[in-house]
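A.B. asks: Next up is a structure, given as structure tokens.
The values are calculated or read from the model by the stated rules, or taken from the named source; none is laboratory data. Here the structure is a predicted model, which is why all the values come from computation and not from measurement. Cβ coordinates were reconstructed from backbone atoms using ideal geometry, including for glycine residues, and neighbour counts include every protein chain displayed. The area values use the complete protein model at the heavy-atom level, side chains included, leaving out ligands, DNA and RNA. Shrake-Rupley method; radii C 1.70, N 1.55, O 1.52, S 1.80 Å.
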Amino acid sequence: MEKPNSGEFRFQVNLSGMITLLSDHLYSSPRVFVRELLQNGVDAIHAREMIQSDHAGHVNFELIQPEDGSVPTLMVEDDGIGLTRADIHQFLAMIGQTSKQGDGVVQSDDFIGRFGIGLLSCFVVSEEIVLITRAVNGTETLEWRGKPDGTYTIRALEMNLTPGTRVYLRAKEECVEHFVPAAIEHSLRNYGEWLPYSIWFRTGESNIAIHREKPLWLFQPTMSDMSLNHTEVIRWAEDYFHDSFIDYIPLFSETGHVSGAAFILASPVPASIRQTHRVYLKKMLVSDRTEHILPEWAFFVKCILNTNELQPTASREQFHDHPILDTARVELGEKLKQYILRVANTEKQKWEQIVGIHHLAMKALAVQDDEFFRVMIDQLPFYTTMGQKYMGDIRTEQDPILYAATDAEYRQMATVAGAQGLLLINAGYVYDRELLERMDWVYPSLTVEQMDPTELSKRLKEIDSEAQDRAASFIHHANEVLEPYQVRAIMKKFSPADVPVLYTTHRDVGFLRQAQMSAESSNILFAALIEELTAPFKEERESQVCFNYDNRLIQRLLDCTNERIREQSIQMLYVQALLLGHHSLRAAERRLMMDGFMTWMDWGMRIADEGGM
Amino acid sequence: MRKSLSELMNELDGLPDSYEKLNVLEMAIELADEEKQIDNAYYLRQEYVYLAHVFGYAQKALVAFLWCLEQYDKQPERFDEHELLWQYKWMMGALGGFPQLSREKLMTLASDMQRRFERSGWSLGPVQDAMSALMYFLGDWDASLDYKEKSMVAEVDGLSDCPACRQQLRVQFNYDKEDYERVVKESKMILQGSLRCRTVPRRTYQVLMDVEFKRGNLEEAMSYLKRLQACIPYDAQHYIAWLDSVTLLSFLDNMQAVSLYTKHFAMVLDQEQPFDQMQAFTVGAMVLRQWEKNNPDEKHLILGFPAKFPRFTKGGLYDVVSLRLWFETQAKSIASQFDKRNANSFFSGRVQRKLTLADTWVSG
């Protein structure tokens, strides 16, 4: 459109295209029209309260379902501030223009809505919006009819409406499913049950209250000062979330003016879960799946929170990812942490219950927070070769503290390390490695060492020179037999004596095998790149089979002169060592195992046939 | 009994991004290879590439990536090219950080990347961005800036970075050109919260922190530092961001810098990319040099370095000068490896400038 004689043009907006955009890309469901209507009604009442402080407003929804089976109509009525003719032209007819903009007296932050696109969501489900309104400071009752093609009409009505607004929406044929009583009641309750106004929903003979009396403590920054009945609060939360809880934590953040409560879940939660929370904006639900309002480590609680200041996105289904949200998250996290520290220091039984269920979350917090780490590390449990132990006990029982970095390495070492009396921690669980690596930093006088199977093998007792002489030919033979598997044979003494052989490998050996495999199947460029990249890994990376000089079977093998039996035994002991260490068997090793079985069975049967058994 | 492949894959679902997940992925890949389950081996490796890349295990990520690339070339109809090319961006951006790789091989690989993007009709923006990183690692600053500029104006498509990252590229470009007014201007949309992603505004705070420090606005710099620290958890994924925090603190709150550096040192030792190690050792030397200036009469510090630190001392008592010299030597040694490969003195010069900054900086 061109302004006369100005040479200046204005963009045209295709309204139906906008509506498609809203329904397809902005809102997660067409049902948001109920929320938008509710929000407009509540904001209109709030605006009226600003000039008439004693006004107690209400919003009534009525679903009209014609008996002739034609499509239903939803009527929404509020006794808010209403709209004048000028307001209608300004706010209803201009997309993105909201009646809730700050004008010096009434700030936009006082309202729930702010984008001026809410009413458009009604066009997703209806072909026409009919709005009848009379402003508090106006004299005429006006009817506005808007259509999705962007046209609208306004006319003054003869009737004399009391101040407020009524909206009529007639369902599109294909949207009737959103106009059934259960769906509308569900949406109204979901979004509006805690709103501080009287909200009703009528359908047929039934007229039900949507608003419900909320517990006095809910959304109160001072709830920690209230003397609340613990059982009642927990029961309320369990009924509300349909989950079980063991305690609650009052939460408040100055930033974003966030308040509410966190409820500690009564069962463990995997660390990969990002807990979702119910978050309200000025007591109207924004989302029951808000994720980023608490720190990542807080996956052991479910929250109900209200904010008066965090900014919702245009869809009003999430909060704007803004530095204010970052700060609020830190403040709320601090409240959670202070609660845990207080419980740990003053309520032993409750603390043990929390750690028993949520030790993963406690560890996640200890990784992130130095203060918490210092205070709590001794009270956190770890799995060791001596069973589950608290770090406080581990620190006093073993110096240096030893840990296996992965579960696979721990399994390789656990039996032998335990028999040597070594307290070895399995740090293959989430957060344990990070915590152990922080121990040196917090306690510089302490030594915390990562032990790998190769290192364990080095710690095993050397055999004396006489034993070395006796074992020399056997070890030489073993190295020949195991050469195709890239394993080096050694002989040492270790407990338990009934374990004949131990297989140890550096974790990079697996990587080198992968690299070798990749290089073999790659083109020249990739193979050369892999070769150059992995060169630094190749020093001192080998697998070992450590035979146990104290084992009876090994002793017999040392005396065995039958080369064939010795070779088969070495091969089978190698496979057994792999299985004991929970290692994968490669194809060649699987073949070795099968051939070995067959050979020994064959020998056994031959001996039986010859009357040897 | 060892776990089956399906058990391991179920276990992966319950694990957050962590070292433990990397270990389980390694076991699962080994099993998938053994059982010749090519599809599983491929997709597990793709997950591994991502995780190993963000946790600093660049070599392992690269080997897994090259395996995927080879499989794709053998059976292009079987695997998703889009995901593969996306990962090519990360890998190409990291490869130059290994001085043992020759310039010739790196350039050949860059041509391979470009050929794949062109063949499938994708915008060359990501290739130019990767080339910018490569040129930097090769010590050619001007070429690096040129490629960055080309990447900024390239066509946007499904393999382009997200809008927040693209805006951050503008911030970074102006930072590299030392046009700090423009940096602040380009950061505005990000700081207002309208552009965000997994790495933005974190990277923006990192840049602004340094910009304000260089402009002498120390309070502003500290304010960005606080905002940065509020959005980075303690983990290896945010290692470089922590290192940047330490760099600033080495001048503004040296005691905290010493503590923070030591706290993250286990991560430094885990970094496979020599470039990252060089950065970390340089920062270590800067922090200690500043400490020496602030505490001329104190020769020793008690520090909680991990036992795997090559200079580890039981009891934690360290001679500051010899420790600082060790860091300097390590940093210079890696820089010279780069310079040898690059046939210039770019990285030695950069390391030296940073070390000199610690000598010349005067508070207030």
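A.B. asks: Taking B:Glu212 as meeting all but one of (1) within 16 Å of the chain's Cα centre (by Cα); (2) away from chain A (no Cβ under 14 Å), write down the number of the exception.
C.D. replies: Only one criterion in (1) within 16 Å of the chain's Cα centre (by Cα); (2) away from chain A (no Cβ under 14 Å) is unmet by B:Glu212, namely (1).
A.B. asks: Could you tell me whether any residue of the range A:154-163 is closer than 30 Å to A:Ser16 by Cβ, in contact (Cβ under 8 Å) with a residue 24 or more places away in the chain and surrounded by 19 or more Cβ atoms within 10 Å (Cβ to Cβ)?
C.D. replies: no
A.B. asks: Going through the range B:100-119 one residue at a time, which ones are open to solvent by less than 50 Å² (accessible area, probe 1.4 Å) and either closer than 17 Å to B:Lys89 by Cα or hydroxyl-bearing (Ser, Thr, Tyr) (or both)?
C.D. replies: B:Ser102, B:Lys105, B:Leu106, B:Leu109, B:Ala110, B:Asp112, B:Met113, B:Arg116, B:Phe117
A.B. asks: Residue by residue through the range B:200-242, note down the ones that are β-branched (Val, Ile, Thr) and open to solvent by 20 Å² or more (accessible area, probe 1.4 Å).
C.D. replies: B:Ile240
A.B. asks: Residues that are in contact with a strand residue (DSSP E or B) (Cβ under 9 Å, 6 or more places away or on another chain), at least 2 per element: which helices (runs of 4 or more DSSP H) completely within the range A:464-554 meet that?
C.D. replies: A:465-482
A.B. asks: Moving to a separate point now. For residues in the range A:319-351 being of a type in the set (Phe, Trp, Tyr) and assigned to a helix (DSSP H, G or I), which is nearest to the other protein chains (Cβ to nearest Cβ)?
C.D. replies: A:Tyr339
A.B. asks: From the set of residues in the range A:457-486 that are open to solvent by less than 10 Å² (accessible area, probe 1.4 Å) and not polar (S, T, N, Q), which is modelled with the lowest pLDDT?
C.D. replies: Applying the filter and picking the extreme gives A:Leu460.
A.B. asks: If the Cβ limit is 9 Å and pairs must be 6+ apart or interchain, which residue in the range A:459-475 that is among the polar types (S, T, N, Q) pairs with which residue that is open to solvent by 10 Å² or more (accessible area, probe 1.4 Å) and assigned to a loop (DSSP other than H, G, I, E, B)?
C.D. replies: A:Gln468/A:Glu462
A.B. asks: Any idea which of (1) charged (D, E, K, R); (2) part of a helix (DSSP H, G or I); (3) open to solvent by less than 40 Å² (accessible area, probe 1.4 Å) is the one A:Glu232 doesn't satisfy?
C.D. replies: Going through (1) charged (D, E, K, R); (2) part of a helix (DSSP H, G or I); (3) open to solvent by less than 40 Å² (accessible area, probe 1.4 Å) one by one, A:Glu232 breaks only (3).
A.B. asks: Is it the case that some residue within the range A:510-527 is touching a Ser or Thr at 6+ places or on another chain (Cβ under 9 Å) and away from every other protein chain (no Cβ under 14 Å)?
C.D. replies: Taking every residue of the range A:510-527 in turn, none turns out to be touching a Ser or Thr at 6+ places or on another chain (Cβ under 9 Å) and away from every other protein chain (no Cβ under 14 Å).
A.B. asks: I'm trying to understand the selection: among the residues of the range A:29-61, which are β-branched (Val, Ile, Thr) and over 20 Å from A:Leu74 (Cα atoms)?
C.D. replies: The answer is A:Ile51, and nothing else.
A.B. asks: Does A:Gly150 count as open to solvent by less than 10 Å² (accessible area, probe 1.4 Å) and touching a residue at least 24 places away in the same chain (Cβ under 8 Å)?
C.D. replies: So A:Gly150 fails the test.
A.B. asks: Say whether the condition of being within 14 Å of chain B (Cβ to nearest Cβ), within 47 Å of the chain's Cα centre (by Cα) and either under 16 Å from A:Ser473 (Cβ atoms) or aromatic (Phe, Trp, Tyr) (or both) is met by at least one residue in the range A:532-539.
C.D. replies: Yes, the conditions are met somewhere in the range A:532-539.
A.B. asks: Quick test for you: out of A:Arg590, A:Arg566, pick the one residue that is surrounded by fewer than 18 Cβ atoms within 10 Å (Cβ to Cβ) and farther than 21 Å from A:Arg459 by Cα.
C.D. replies: Checking each option against the conditions leaves just A:Arg590.
A.B. asks: Return the residue satisfying two criteria in turn: it lies in the range A:438-456 and is part of a loop (DSSP other than H, G, I, E, B) and open to solvent by 10 Å² or more (accessible area, probe 1.4 Å), and of such residues it is farthest from the other protein chains (Cβ to nearest Cβ).
C.D. replies: By that ranking, first place goes to A:Asp452.
A.B. asks: A follow-up question, please. Would you please list the contacts, defined by Cβ atoms under 6 Å and residues six or more apart or on different chains, that run from a residue in the range A:411-435 that is within 11 Å of chain B (Cβ to nearest Cβ) to a residue that is open to solvent by 10 Å² or more (accessible area, probe 1.4 Å) and among the aliphatic types (A, V, I, L, M)?
C.D. replies: Close Cβ pairs (under 6 Å, with a partner that is open to solvent by 10 Å² or more (accessible area, probe 1.4 Å) and among the aliphatic types (A, V, I, L, M)) amount to A:Val430/A:Ala271.
A.B. asks: Okay, moving on. Can you tell me which residues in the range A:409-437 are of a type in the set (A, V, I, L, M, F, W, C) and either part of a loop (DSSP other than H, G, I, E, B) or open to solvent by 30 Å² or more (accessible area, probe 1.4 Å) (or both)?
C.D. replies: Residues satisfying the conditions are A:Ala419, A:Leu422, A:Leu423, A:Ala427, A:Val430.
A.B. asks: Output the residue which, of all residues in the range B:301-342 that are of a type in the set (D, E, K, R) and assigned to a loop (DSSP other than H, G, I, E, B), is farthest from the other protein chains (Cβ to nearest Cβ).
C.D. replies: Among residues in the range B:301-342 that are of a type in the set (D, E, K, R) and assigned to a loop (DSSP other than H, G, I, E, B), the one farthest from the other protein chains (Cβ to nearest Cβ) is B:Arg311.
A.B. asks: Counting only residues that are among the aromatic types (Phe, Trp, Tyr) and within 21 Å of the chain's Cα centre (by Cα), how many does the range A:307-356 have?
C.D. replies: 1
A.B. asks: Taking the range B:38-54 as the search range and keeping residues that are farther than 27 Å from B:Tyr239 by Cβ and away from chain A (no Cβ under 13 Å), which one is least open to solvent (accessible area, probe 1.4 Å)?
C.D. replies: The extreme case among them is B:Asn40.
A.B. asks: Given the structure, is B:Ala358 in contact with a helix residue (DSSP H, G or I) (Cβ under 9 Å, 6 or more places away or on another chain) and at pLDDT below 95?
C.D. replies: yes
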